[in-house]
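The values are calculated or read from the model by the stated rules, or taken from the named source; none is laboratory data. Since the structure is predicted, the reported quantities are computational estimates derived from the model, not experimental observations. Here the Cβ positions follow ideal geometry from the backbone for every residue, glycine too, while neighbour counts run over all protein chains shown. We work out accessible area using only protein heavy atoms, side chains counted, and drop any ligands, DNA or RNA first. Shrake-Rupley method; radii C 1.70, N 1.55, O 1.52, S 1.80 Å.
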Amino acid sequence: MTTSPVLPPVALSTERLWATGIGSLALVIAFAGDGIRNLVTIWGFGALSIVVALACVLMIIRVRPRLDRSRLPKALIAFLSFALLSAAWSAYPQATLLTLAGTLLTTIVGAYLALVLDWTELVRALANALKWVLGLSLLFELWVALIVRAPVLPLFVDFGDEKPPLLAMWSRNLLFEGGRIQGILGNSNLLAVIALLGIITFGLQLAAGSVRRGWGIAWLALALVIFSLTRSSTMIVAALAAAIVLGAVLLIRRSPSPRARAGVYVGLAALGAAAIAFVALFSNLALALLGKSEDLTGRLTIWKTVIGLAEERPWIGWGYSSPWIPWAEPFDGLIIRRGVEQLHAHNAWLDVWLQLGVVGVALFTAVIVSVLWRSWFAAVDRPRFDLRDDRPYTVLSLLPILITVVLVVQSVAESRILIESGWVLIVALALKTKQHPVMDAVARPHLTPVIAAETR
């Protein structure tokens with residue numbers, strides 16, 4: 001993958017700047033939800049989310065983006081419809097309706113990113129949001145380490161005379177102690193996801209020449225440093241998976257014949273089978289390499305509990321609730337780990353089975369497979385919207401498949417793909433790759449200078 005020269009600046013209208021700015025702000029809130037709740041409580045976060053979603057709606061009304069109804073993501077619509085219908089049989093209808101309201105807000109943001117922003121603006125908004133979260137995370141950890149010099153609890157949290165559990169800490173003051181930092185999110189694993197997405201986004205921007213080289217390298221270096229300081233086993237696996245997919249895409253791009261491409265696919269399948277066999281035969285060694293205990297840091301116990309509940313209502317589930325509402329049965333006190341009540345299954349697929357049953361899992365699988373399918377072919381095929389089939393590949397067409405791979409790997413150990421930033425990105429990619437699968441000058445007239453320069 002060669003590095004392109006920095007693209008010339010393109011004059012954007014005030015409306016386009018506002019559109020990108022709103023998208024950036026919406027993504028910051030989606031990525032930094034835990035940190036915002038630690039600062040202003042869940043009620044403050046909810047109010048802020050509603051305001052931003054309304055801003056997205058107003059901008060959609062103002063811009064009136066073109067929507068091809070024949071190219072709507074049917075699997076996504078089916079999954080959301082089934083989640084809404086689950087309120088009819090939910091064991092906790094109020095919790096279902098409450099969490100559906102949150103899902104509606106994140107779906108609005110995802111739809112806004114897909115319909116209002118073009119691909120270049122979407123990548124710019126994503127990069128802006130990642131920079132804010134990563135930059136503030138480092139500043140926060142420096143403030144804790146240099147000024148506070150002690151672990152920090154979220155505001156408005158009081159454990160009285162009891163010693164606060166480590167999992168409840170906003171920051172454990174480990175920046176200079178060699179431990180895993182948590183950033184403004186208060187969670188090392190979530191910060192690792194942001195850092196890995198930053199590595200992917202900033203790296204592709206550098207390769208595309210769409211940012212100034214010095215700043216691009218600086219932000220890429222920061223993302224790499226933060227990623228190394230989080231030491232998330234799940235995200236290490238996600239990074240390896242993304243690297244393998246990136247290598248496969250580049251090989252296919254250089255393989256003109258169908259036979260050569262078939263060889264790459266066979267190689268990928270063999271590599272996947274080898275990885276599965278290694279984990280199955282040498283699970284203890286694999287866990288040791290990742291620094292995990294035999295119970296996957298308590299996840300096996302959580303999964304066993306969730307499976308037991310799911311088996312009671314296997315086909316259509318208990319009712320939608322992402323995240324779990326802690327005061328609703330059966331979630332009230334269901335899983336408490338190290339003094340902190342868990343609000344998800346630490347596995348999105350088990351979570352969907354618990355909430356929406358086998359039917360929900362099938363629909364969710366269709367959503368993910370369809371996004372992977374379209375993202376893959378957007379990456380390996382040349383941009384084409386007429387008879388011409390020799391247009392050069394675009395670097396940023398790699399972004400959807402790499403982001404989706406990261407989210408899918410994360411979904412095995414976390415359920416975040418169902419809420420906040422995870423769901424925003426899935427909705428955005430599901431809708432964007434369906435409505436605008438070609439990352440080229442076909443998008444809109446005001447995009448032509450940017451995309452034409454990018455594809456030279």
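Brief remarks follow.
- At R0 = 30 Å, FRET efficiency that the Cβ-Cβ distance of I276 and R382 yields, to 0.05: 0.40
- Here the extension length gained between A168 and W43 equals 43.2 nm, from 0.36 nm per residue of separation less the Cα-Cα distance.
- Ranked by the mean number of other Cβ atoms within 10 Å of their residues, highest first, the peptides 118-127, 53-62, 185-194 fall in the order 185-194, 118-127, 53-62.
- A Cβ-based charge dipole, computed about the Cα centre of the chain with Lys and Arg at +1 and Asp and Glu at -1, lands at about 1480 debye.
- Descending Cα extents along the principal axes, segment 197-284, whole Å: 41, 40, 11
- Helix axis angle, 213-230 relative to the chain longest principal axis, alpha carbon, degrees: 30
- Inverse mean reciprocal Cα-Cα distance (Kirkwood Rh) of segment 15-81, Å: 13.9
- At 1.306 mPa s and 10 °C, Stokes diffusion of segment 112-174 via Kirkwood alpha-carbon radius, µm² per second: 110
- Label-to-label distance for E329 and K304 is 2.5 nm, based on points extended 7 Å past Cα in the beta-carbon direction.
- Interatomic Cα distance distribution for the chain, bins of 20 angstrom, percent: 23, 59, 17, 0
- Alpha-carbon Rg/Rh ratio, for segment 1-133, with Rh computed the Kirkwood way: 1.03
- The Cβ shell under 14 Å around S322 holds other residues with a net charge of -2, Lys and Arg each +1, Asp and Glu each -1.
- Principal-axis analysis of the Cα atoms of the chain puts helix 233-253 at an angle of about 20° to the longest axis.
- On the basis of the beta-carbon distance and an R0 of 30 Å, Y265 and L240 show a calculated FRET efficiency of 0.95.
- Accessible-area composition of the chain, carbon plus sulfur, in percent [1.4 Å probe]: 68
- Where a label projected 7 Å from the Cα of L98 along Cα→Cβ would reach, residues of segment 332-349 with amide N under 17 Å: 332-335, 341-345
- Cross-link partners of K304 among lysines (Cα-Cα below 28 Å; sequence separation of 8 or more within a chain): K292
- Rg/Rh (Cα only; Kirkwood hydrodynamic radius) as it applies to segment 133-245: 1.05
- Modelled this way, with points 7 Å down the Cα-to-C-beta line, the labels at A218 and R254 are 3.4 nm from one another.
- Separation of alpha-carbon centers, segment 320-338 and segment 214-242, rounded to whole Å: 32
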